[in-house]
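**Student:** Let me begin by handing over the structure; questions about it come next.
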Amino acid sequence: LNPFVRGKRFTSLLKTARATFSVKNQAKLAQKLVHIPHRKMGQMETAEASQKHEAKDLIKDTPRGLQRRPYDLKVGDTIHGFTVKSVEDITDFNIKAFTLEHDETGAKYLHLDSADLENVFMVRFKTFPNDSTGIPHILEHLSLCGSKNFPVRDPFFKMIKRSLNTFMNAWTGSDFTGYPFSTCNEKDFNNLLRVYLDACFFPNLKRTDFNQEGYRYEFEEPGNPDSALQIKGVVYNEMKGVMSNADRLFLHKLSEHMFEKSCYHHNSGGDPNDIPLLKYETLKKFHEDNYHPSNSYFMTYGDLDFTNNLEYLNRNVFTHFERNEQNQKIELEDRRTSPKVKTEYFMPELVSDAETQGKLGISYLCNEVNKDNYETFCLYIMSSLFFDGPDTPFYQSIIESGLAPAFCPGVGYDTSTKEGTFTFGVSNITPSNENIRKIQKAIDETILQ
Ligand SMILES: [Zn+2]
């Protein structure tokens, strides 16, 4: 149906169409088939006045940006199975923040209402690994390999090409897995929302995809059972790359030794040595336990009406689940009375002398990041004052003085763990005992200053 066709041909076309569709449907259909500004449809001379109005009303643009309708929600209100827990004005950013909780499942939702046409969605699950088989990371890959309503190969990557998104991704953190996207287009937002939610809550998780994305054994010479076995797999290879990077390995080892009780002890991305220990059934169970509404956090931002998302979640996703009471917690670490010293080895880079590629890190366990925002804020400022720029005391005492050419990876205050860490250290040094003693002394003296 091409609404640009004017005159007799269009009139007869319209008459024929009327036999099957109401004007409402025609307008809807036309809107779907040809992307023209909606108002042009209302100017069709051929439609009768009343029908014209009807069609016009139906295809009116949703008011966007500053013209958007304000929400009539206050604390305690219930909407689509959710209860409003808080409403807060964040005046500095012209944002109104709504937090809600789903009554049946306990799923949490945060919406940041803004005039911004850029709209963001993210769903996050707590995924605490209890080994280094890379289970959260492999699951993240696998859930994007086809789901109940989109049983095609890689629906996620197909959407990257065909949608109007401004950002699409999925992340595995050390204690969470998140699936974010953003777009300015309402239709696109709803499409992506459906694909993302289906991928997270109803993925197919096929064994063949597990073998492709996780790991599998293959004969070195395909078809020759006498040749040696080798391990292959997307995540397996990805992590081989990550762990052979000295900086990434340094950060992993720092975390492994600092955290002894919590999930940060393990490598959520997967250690290539441990990945082949993962069983397919364990991964399926991990999904069942963790990708559950009771363990989920939703976040949206922008000018689009977020209550539509609540309705969709309540009606199409959460009805398939019952509340899961297990509330996983990250254990706090015991405080040490003396330092723990560890030496680790890595593959040196070929570009420079292996003897000068040593790294030294002295890390302190700090506060519970979310418990005391003021302390967290102060530690951030302290970190910046210590290390950012050539006038800072550590730059002067370590770099400028010639003790080391660079700081170590992850230097400063880090809040990516439940309890933050503060790290001092250097890179590209000769790791002799004398050198290490000198640098330790300089760090201690600079802190005391
Ligand atoms: Zn990956």
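The values are calculated or read from the model by the stated rules, or taken from the named source; none is laboratory data. Bear in mind the structure is a predicted one, so any value in this text is a computation, not a measurement. Glycine gets a Cβ as well: all are built from the backbone with ideal geometry, and neighbour counts include every protein chain shown. Keep in mind that these areas ignore ligands, DNA and RNA; they rest on the heavy atoms of the full protein, side chains included. Shrake-Rupley method; radii C 1.70, N 1.55, O 1.52, S 1.80 Å.
**Student:** Considering only protein heavy atoms, what per residue accessible area in square angstrom results for the chain with a 1.4 angstrom probe? List each step's numbers first, then the result.
**Tutor:** Values: 25280 Å² over 449 residues.
Per-residue value: 56 Å².
**Student:** Under 5 Å between amide hydrogens, which residues at least 5 positions from Phe176 or on another chain qualify, with H placed 1.01 Å from N in the peptide plane?
**Tutor:** HN-HN under 5 Å from Phe176: Thr127.
**Student:** In nm, to one decimal, how far is the Val152 label point from the Glu355 one, both placed 7 Å along Cα→Cβ?
**Tutor:** 6.0 nm
**Student:** If you don't mind, there's one more thing I want to ask. Ignoring ligands, DNA and RNA, what percent of the accessible area of segment 237-334 is carbon or sulfur (1.4 Å)? Don't skip to the end; give the middle numbers.
**Tutor:** Details: 2230 of 4900 Å².
The C+S portion of the solvent-accessible surface of segment 237-334 is 46 percent.
**Student:** While we're looking at this one, here's another question. Can you flag which of Lys253/Lys285; Lys85/Lys187; Lys158/Lys232 are past 26 Å Cα-Cα? Mind dumping the intermediate values first?
**Tutor:** Numbers: Lys253/Lys285 28 Å; Lys85/Lys187 29 Å; Lys158/Lys232 24 Å.
Exceeds cut-off: Lys253/Lys285; Lys85/Lys187.
**Student:** Can you list, largest first and rounded to whole Å, the semi-axes you get for segment 144-194 by taking the square root of 5 times each eigenvalue of its Cα gyration tensor?
**Tutor:** Equivalent ellipsoid of segment 144-194: 18, 16, 9 Å, largest first.
**Student:** Next question. Kirkwood hydrodynamic radius of the chain from all distinct Cα pairs, in Å? Before the final figure, lay out each step's value.
**Tutor:** Working: mean 1/r = 0.0381 Å⁻¹.
Every distinct Cα pair counted, the radius reaches 26.2 Å.
**Student:** On a full-extension model of 0.36 nm per residue, what is the gain between Gln328 and Gln440, subtracting their alpha-carbon distance, rounded to one decimal in nm?
**Tutor:** Working: separation 112, 0.36 × 112 = 40.32 nm, distance 3.83 nm.
36.5 nm is the gain from fully extending Gln328 to Gln440.
**Student:** Per residue of segment 170-178, in order, report the coupling 6.51 cos²θ - 1.76 cosθ + 1.60 (Karplus, θ = phi - 60°) as ³J(HN,Hα) in whole Hz, putting x for Gly and Pro.
**Tutor:** 8, 10, 10, x, 6, 9, 8, 10, x
**Student:** Could you derive backbone 3J(HN,Hα) for segment 123-137 from the dihedral phi with the Karplus parameters 6.51, -1.76 and 1.60 (θ = phi - 60°), listing whole Hz in sequence and x where the residue is Gly or Pro?
**Tutor:** Once rounded to whole Hz, the list reads 10, 10, 10, 6, 10, 9, x, 10, 7, 10, 7, x, 4, x, 5.
**Student:** Determine the alpha carbon to alpha carbon distance for each of Lys126/Lys161; Lys418/Lys438; Lys359/Lys438; Lys261/Lys340; Lys96/Lys418 and list only those over 25 Å. Don't skip to the end; give the middle numbers.
**Tutor:** Numbers: Lys126/Lys161 29 Å; Lys418/Lys438 32 Å; Lys359/Lys438 14 Å; Lys261/Lys340 15 Å; Lys96/Lys418 27 Å.
As for pairs spanning more than 25 Å Cα to Cα, those are Lys126/Lys161; Lys418/Lys438; Lys96/Lys418.
**Student:** Could I ask something else about it? Percent relative contact order of the chain, based on C-alpha pairs within less than 8 angstrom and at least six residues apart? Display every interim value, and only then the final one.
**Tutor:** On the way: 696 pairs, mean separation 68.0, N = 449.
Across the chain, relative contact order equals 15 percent.
**Student:** On to the next question. Quick one, what does Rg over Rh come out to for segment 173-260 if you take C-alpha atoms and the Kirkwood Rh?
**Tutor:** Details: Rg = 19.0 Å, Rh = 17.0 Å.
Radius of gyration over Kirkwood radius for segment 173-260 works out to 1.12.
**Student:** Name the long-range amide H neighbours of Asp154: under 5 Å, sequence gap of 5 or more, or other chain; modelled H, no Pro or chain starts.
**Tutor:** So Asp154 has HN proximity to Gly146.
**Student:** Grab the Cα-Cα distance for Asp131 and Asp72, subtract it from 0.36 nm times how many residues apart they are, and report the gain in nm with one decimal. Working shown, then result.
**Tutor:** Details: separation 59, 0.36 × 59 = 21.24 nm, distance 4.65 nm.
Separation in residues times 0.36 nm, less the Cα-Cα distance, equals 16.6 nm.
**Student:** As an exercise, use a Förster radius of 25 Å and the Cβ-Cβ distance of Asn211 and His320 to find the FRET efficiency, rounded to the nearest 0.05. It would help to have the intermediate numbers written out before the result.
**Tutor:** Working: r = 27 Å, r/R0 = 1.09.
Here the calculated transfer efficiency is 0.35.
**Student:** What's the FRET efficiency of Asn373 with Ala115 using the Cβ-Cβ distance as r and R₀ = 25 Å, to the nearest 0.05?
**Tutor:** Given R0 = 25 Å and the Cβ-Cβ separation, E is 0.40.
**Student:** Follow-up question, since we're still on this one. What is the set of long-range amide H partners of Asn267 at a cut-off below 5 Å, with H atoms built 1.01 Å from backbone N?
**Tutor:** Those qualifying (amide H under 5 Å, at least 5 residues apart or on another chain) are Ser132.
**Student:** Then there's this: Using only the Cα atoms of segment 202-361, what semi-axes does the equivalent ellipsoid have when each is the square root of 5 times a gyration tensor eigenvalue? Give whole Å, largest first.
**Tutor:** On the way: eigenvalues 260, 152, 56 Å².
Ellipsoid semi-axes (Å, largest first): 36, 28, 17.
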